[in-house]
Amino acid sequence: MHPTGSPAGRLAAVGNQMIEIHLWLGAELARIRASLDADEPGPARPSRDLRAHCLTFCAALGRHHTGEDDGAFRLLAEEVPELRPVLANLITDHEVVAGILGRIEELLGDPTPPPVAQLRAELDGLAALLESHFRYEEKRLVAALNALTGRPGTAEDLLGLTAPERPVG
């Protein structure tokens, strides 16, 4: 867990923060998928709240991957050149994820809401890909990212999101 009182402008265990972001994104996606079963606004169509939650999630995941590509991955490519093939694989994954997110956003942006089964299929595919992607990314990058601690900038600069604070207690 990252220190909650870390001074602005300092990185604190960026790799650990990446894991926290992945856990949060995974939990949010699980909540969305679970809510598909509980959501019954009409004839197998997602409710407005579910649509909003889904679109918010898609935007957060997109920001995270763009932040990694433009921040952490560029820095790691300079600092640890042997990671370049891993980074290229991860960027390819990000492109595939962006395609899925685009399809989800298109489904949810249609004035006629999509059938839940169609949305579920996209979310299930996204969940399977992200599980593999997150584990690979964490296995290959956490130590290198944690070595960046103390550099100027913020985790959000490098990861696209700040790890959500966990409730104390």
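Just so you know, all these numbers are worked out from the coordinates, no wet-lab data involved. What you see is a predicted model, and the numbers here were worked out from it, not measured in a lab. Reconstructed Cβ throughout: ideal geometry from the backbone, glycine too, with neighbour counts over all protein chains shown.
Assorted remarks:
- Leading residue at positive end of dipole, the stretch 14-159 (Cβ point charges), from 99, 58, 118: 118
- Backbone geometry of the stretch 66-79 corresponds, through the Karplus equation with coefficients 6.51, -1.76 and 1.60 at θ = phi - 60°, to 3J(HN,Hα) couplings of 5, x, 4, 4, 8, x, 4, 5, 5, 5, 5, 4, 6, 7 Hz, x marking Gly and Pro.
- Each residue in 165, 131, 156, 68 was given a count of other beta-carbon atoms within 10 angstrom of its own, and listing them fewest first yields 165, 131, 156, 68.
- Counting charges near residue 81 (Lys, Arg +1; Asp, Glu -1) among other residues having Cβ under 15 Å from its Cβ returns a value of 0.
- Computed FRET value (nearest 0.05) for residue 33 with residue 78, which takes r as the C-beta separation and R₀ as 25 Å: 0.10
- Distance histogram for the stretch 14-159 (every C-alpha pair counted, 5 angstrom bins, percent rounded to whole numbers): 2, 9, 20, 21, 16, 12, 9, 6, 4, 2, 0
- Given charges at beta-carbon only (K, R positive; D, E negative), |dipole| of the stretch 14-159 in Debye: 140 debye
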